Amino acid sequence: MGTMEPTARESSAQTLSATAQSLINWDLAASTAARLVPAGPVLDQAAISEAVDSLRRLADVSVDHVHEITGLEAARDLRDSSVLVVDRASWAKANTQSFAVMLKPAMEKMLENRQGTLSPGAASVSGAITGSQLGAVLAFLASKVLGQYDPFAALAEGSTAPPAGRLLLVAPNIVAVERELNVTPEDFRLWVCLHEQTHRVQFAAAPWLRHHMLEQIDELSVHLLGNVDSLMERATAAARSLKDRTASGNTPGRGAILDLLQDPEEKAAISHLTAVMSLLEGHANVVMDAVDASIIPSVKTIRQRFNDRGKDRGVIEKFIRSLLGLDAKMRQYSDGARFVRAVVDAAGMEGFNRVWESADHLPTEPEIHDAKLWLERMGL
C-alpha cells in the first residue's frame, strides 16, 4: 500500500507546529543550563549512591504519611506516575520538556495571528537567542529547587514518562541545604519528600487539574505572546521598576515581570493561577507541618533553620528572585497554608477535600485571603 501524501492543510499545520517549536530552542536551553549551573556539593560515589537510595526510600515512606494527614484515597495508588532522583542538569532538561508542552499552543496561536510574517529561518534565529536566555534562567533555578512534581511530562513529544507525570527530587540541592542547615539528613529528606509527594497526590486526587492548569497557562501565554513585539520593552520596564521599588521598600506582589506584563485579561488569568498555586503549595506546606517528632525527630529545628535561611541571601540573588517571582512563591506557601488551615478548622479535612472535586471548587484569589468566602460558597 502506497504512502498517502499529506494534504495542503495538513502540511501547513505541520509547518506551523515546527516553526512554533523552533521559537525557543529547547535543546540549546537544556545544554546552556547544564553548562552554566553551579557545581553541587562534592560527594564521592558511595555518598551519591547513599543519597539517591535514601531519597527513593523516603519518597515511598512519605506517601503513607500524606494519606494519613490528608485523607485522600488517591495516595493509596500512585502507579501512573513515577519518582526520579535527578541532578541539576537533568532537572533543567526536564523543565524544558514541560515548558515546550505548556507553551506550544500559545506559540502556534501567535504565529497564526502574525499570518506568516515570521519565516522559519527568523524563528530559528530567535529560538537560539531565547533558548540561551531560558537556559541561563534554568541554570539559576536548578541550583535552588529541592523537588518538583511535573504533571505535564507525559504530554511532551517522545516522552517516556508515565501518564500522570513524574516527581523530581534534586539530590545535590537537598544535600547542599541539609549541610547548610546542619540538620539530620534522614529527617530533612523525609520532610522534603512529604511536601513533594503531597503535590503528586493532589494531581492524583484531581485528575482534571492538569488539563485545567494547561488551559489557564495557555490563556495567559496567549495574552503575553500576543504582545510579543513589545515584550522586551515591557520586560525592561519591569526590571527598572523592580530596582526602583526595591530601593523604596515597595516589593512587587508577584515578581516584577508578572506585575507589569498584564492587561485586564492577563490580570484575571494571573489571579486564577496565583490562587491555584497558593492552594497547592499551601496544602503541601500544611502536610509538612502536620508531622511531629514521632515521625521526624528534629522537625522543629528543621522548620526554624529552613525559614531563617532566606535572610542571608545576597543582593544579586534577591534581585533575581524578585524579578522571577520566587519570593512571591514563598508568599504563596504562607497565604495558601493559612487558607487550608482556616478551612480545615471550620469544616474538617473532609470539608476541605471538596476542593479536589472540580475546577469550580478551586478558590479564587480573594477566597485564598478570606477563607470564609470559600466556605460560604461551598455551603460549609
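For the residue pair Ser49 and Leu380, what label-to-label distance in nm results when each label sits 7 Å from Cα along the Cα-to-beta-carbon direction?
4.8 nm
Once both labels are modelled 7 Å past Cα along the beta-carbon direction, what's the Asp80-Ser294 spacing in nm?
Output for this residue pair reads 3.4 nm.
Could you tell me which of the pairs Lys93/Lys300; Lys93/Lys267; Lys104/Lys372 are separated by over 32 angstrom between their Cα atoms in the structure shown?
Details: Lys93/Lys300 34 Å; Lys93/Lys267 30 Å; Lys104/Lys372 38 Å.
Cα-Cα > 32 Å for Lys93/Lys300; Lys104/Lys372; rest within.
In whole Hz, with x marking every Gly and Pro, tabulate ³J(HN,Hα) for region 71-88 from phi via Karplus 6.51 cos²θ - 1.76 cosθ + 1.60, θ = phi - 60°.
Coupling constants for region 71-88: x, 7, 5, 4, 5, 6, 9, 10, 5, 8, 9, 9, 10, 10, 9, 10, 9, 5 Hz.
Between Glu215 and Lys372, what is the spin-label point distance in nm, taking each point 7 Å from the Cα along the Cα→C-beta axis?
Computed distance between label sites Glu215 and Lys372 equals 3.2 nm.
Each value in this text was obtained by applying a stated rule to the coordinates, not by laboratory testing. Fair warning: this is a prediction, and the values are worked out from it, not measured in the lab. Ideal geometry is used to build each Cβ from the backbone, glycine not excepted, and the neighbour counts take in all protein chains shown.
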